[in-house]
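What follows is one structure encoded as structure tokens, with my remarks underneath.
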Amino acid sequence: MTYTVGRYLGTRLAQIGLKHHFAVAGDYNLVLLDQLLATPDLKQVYCCNELNCGFSAEGYARANGAGAAVVTFSVGALSALNAIGGAYAENLPVILISGAPNSNDIGSGHILHHTIGLPDYGYQLEIAKRLTCAAVSITSAQEAPVLIDHAIRTALREKKPAYIEIACNVSAAPCSPPGPVSALLRDVPSDPDTLEAAVAASVEFLASRKKVSLLIGSKLRAAEAEDAALQLGKTLSCAVATMAAAKSFYPENDPHYIGTYWGDASSAGVREIMDWSDGIVALAPVFNDYSTAGWTAWPQGENVLLAEPHHVHVNGRTFDGIHLKDYLAALSQRLSGEITRPDTLKEFQRVVRPSAPVAAAAPGDRLVRAEMARQIAQLITPQTTIVAETGDSWFNALRMTLPEGARVELEMQWGHIGWSVPATFGYAVASPERRIITMVGDGSFQLTAQEVAQMVRLKLPVIIFLVNNRGYTIEVEIHDGPYNNIKNWDYAGLMSAFNAEDGKGLGLRATTGGELSDAIAKALKNQDGPTLIECQIERDDCTSELISWGRRVAAANARPPRKAD
Ligand code: DPX
Ligand code: MG
């Protein structure tokens, strides 16, 4: 078979495990899309706009390990780049592929459509360089294989997005065939000497402390270290907490698991145990203003062992050039049978009593948040993935106890409202065997609502709980004003517009607990498309965690500027 640049790219995407790529057509990428369509084992999936296309690929990468979005130049790519910033923030290897001007136009002085009206089209590559770990521009078929491989290999290694632009007249040009895929997949191994030294220093750290706990951070999945972290928890027998953004990265049915650590928005007893610990082993955490609850809960200093995806800080020393999973495995092996640290778990069990289950509301009572969350929680099985949008949906999801295998997807570093709708779409394309439940607020939904139409098109039976509390409630708790009120929509009614003449999506509305349980029963029967259940609750009916966390974040935002010296 003769390869073309587009075929080469498609083959590489398939080789790294992609079964789909997401796309929005435009004249700069049409020939490229033809080439990708011709790639065996790689399906093309369409989105309503490029922002959603980027987020769909991001959601796909969450389920599948990597994703790809194909867009047109400038008018498309600049929208997609927002989602690429999100993939960077969330440590997901998403390959953004943009069609680009004809190579003959470069340097010709020509002004082209879709550009900013200047004859220099390099700005998109420059922007992409700031938001990706590798950004390449392909203007000749000869150089294409090396540049494509460089971008994909770097993205996979660094778990960050990459950018490839391909001149529109080069996509179908013949190029050399791909070599073995191992060239892309093989990583640089951990340095054995550094690994040994890091483990020795860590054993010293643990041996000199009694009240040790493990804190799981959100980069753990990207570091492919979830199993190794579980092994370390078992080896140490200590209390294990997850940071909010790392919900579901440690099995919640494991006896060492104690809940979410998030300052005063932590689950019961968890903050007390972490504060009481004299040794916190923090695995791949992100400490930002949100995750530290406005800098009020930030484990740091000599009692913290910080293990990052590629380096470890312990006892004032840094060990760089190792993989977290190798380090954790080696540490567990070294500790095994010699050092256990069960005190934190024992203390937790002493101070925290299991909370009583939330009682069901009377079916005719007005729907409240607690009843809505209770009913959603009942749906969770080991096959469930909950996609929870920025807003009180975060806090509702964090409260849910997960059986082994259940996953929660959050976008806490980037925090782009509206992310959850296209990310759900992408996730569902990647994992049709899972039951996907999305919780999204009314304000967020209004940004990306149209992607529900693609779920209708592909007959994806996801269940979307749209929380209609008439506004931006999380912002209300941080800082209120008229800008937090939004125009109400007939959310349930949207589904008939998306269905048009052939769709099987279902739009339902719940104003009481009884209506919600009826709607859920219908949703579970609808296997031919998405079900959107609009849950109407009061504007200020939110979790107590949101209120306390919102206050902390507001206080951090309100710090006055530093005085000049
Ligand atoms: C904003 C946020 O309705 O959820 O539970 O009612 O808060 P809640 P909604 O979806 O409202 C979301 C709203 C406006 N954040 O409260 S979190 C600011 C913001 C953002 N992303 C983008 N624009 C603005 N996070 C793209
Ligand atoms: Mg809202």
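Restricting ALA555, ALA492 to those that are over 24 Å from ALA373 (Cα atoms) and hydrophobic (A, V, I, L, M, F, W, C) reduces the list to ALA555. The residue that is surrounded by the most Cβ atoms within 10 Å (Cβ to Cβ), counting only those in the range 29-49 that are without any contact (Cβ under 8 Å) to a residue 60 or more places away in the chain and within 18 Å of LEU458 (Cα to Cα), is LEU42.
Remark: CYS53 falls outside the filter, which requires a residue to be farther than 16 Å from ALA162 by Cα and surrounded by 24 or more Cβ atoms within 10 Å (Cβ to Cβ). Within the range 517-545, residues that are in contact (Cβ under 8 Å) with a residue 24 or more places away in the chain and surrounded by fewer than 20 Cβ atoms within 10 Å (Cβ to Cβ) sit with their Cβ atoms under 9 Å from residues that are part of a loop (DSSP other than H, G, I, E, B) and of a type in the set (Val, Ile, Thr), at 6+ positions apart or across chains, in these pairs: GLU538/VAL368; ASP541/VAL368. Identification of helices (runs of 4 or more DSSP H) wholly contained in the range 442-499 with 1 or more residues that are away from ligand 2 (no atom under 14 Å from the Cβ), within 23 Å of the chain's Cα centre (by Cα) and touching a residue at least 40 places away in the same chain (Cβ under 8 Å) yields 442-448, 452-457. When ALA14 is tested against (1) assigned to a loop (DSSP other than H, G, I, E, B); (2) closer than 29 Å to THR385 by Cβ; (3) touching a Ser or Thr at 6+ places or on another chain (Cβ under 7 Å), exactly one condition is not met: (1). Say we look at the range 400-413 and pick out the residues that are acidic (Asp, Glu) and part of a loop (DSSP other than H, G, I, E, B); which of these is farthest from ligand 1 (Cβ to nearest atom)? Residue satisfying both the conditions and the ranking: GLU404.
Each residue in the range 471-482 was checked for being at pLDDT 90 or above and within 8 Å of ligand 1 (Cβ to nearest atom), and 3 of them qualify.
Somewhere in the range 494-514, is a residue within 16 Å of ligand 1 (Cβ to nearest atom), buried (at least 16 other Cβ atoms within 10 Å of the Cβ), farther than 26 Å from MET400 by Cβ and not small (Gly, Ala, Ser)? Within the range 494-514 (the criterion being within 16 Å of ligand 1 (Cβ to nearest atom), buried (at least 16 other Cβ atoms within 10 Å of the Cβ), farther than 26 Å from MET400 by Cβ and not small (Gly, Ala, Ser)), the answer is yes, since at least one residue qualifies. For the range 500-518, filtered to residues that are within 30 Å of ILE547 (Cβ to Cβ), touching a helix residue (DSSP H, G or I) at 6+ places or on another chain (Cβ under 8 Å) and not small (Gly, Ala, Ser), the residue that is nearest to ligand 2 (Cβ to nearest atom) is ARG509. Please go through the range 416-445 and pick out each residue that is more than 16 Å from ligand 1 (Cβ to nearest atom) and of a type in the set (Ser, Thr, Tyr). Correct list: TYR427, SER431.
Residue-level check: of (1) buried (at least 24 other Cβ atoms within 10 Å of the Cβ); (2) within 16 Å of ligand 2 (Cβ to nearest atom); (3) more than 23 Å from VAL286 (Cβ to Cβ), ALA428 misses just (2). Is there a residue in the range 528-549 that is closer than 30 Å to GLY294 by Cβ, among the small types (Gly, Ala, Ser) and within 13 Å of ligand 1 (Cβ to nearest atom)? Checked against the condition, which is being closer than 30 Å to GLY294 by Cβ, among the small types (Gly, Ala, Ser) and within 13 Å of ligand 1 (Cβ to nearest atom), the range 528-549 yields no hits at all. Determine whether ALA228 is assigned to a helix (DSSP H, G or I) and within 26 Å of GLN349 (Cβ to Cβ). Taking the combined requirement at face value, the residue satisfies it. Residues considered: SER267, SER248. Of these, the only one that is part of a loop (DSSP other than H, G, I, E, B), more than 17 Å from GLY405 (Cα to Cα), within 29 Å of the chain's Cα centre (by Cα) and not hydrophobic (A, V, I, L, M, F, W, C) is SER267. Of the helices (runs of 4 or more DSSP H) lying entirely inside the range 115-186, those containing at least 2 residues that are buried (at least 20 other Cβ atoms within 10 Å of the Cβ) are 123-131, 144-158.
The values are calculated or read from the model by the stated rules, or taken from the named source; none is laboratory data. Everything quoted here is computed from the prediction, not taken from an experiment. Quick reminder, even Gly has a Cβ in these numbers, built from the backbone with ideal geometry, and neighbours come from all protein chains shown.
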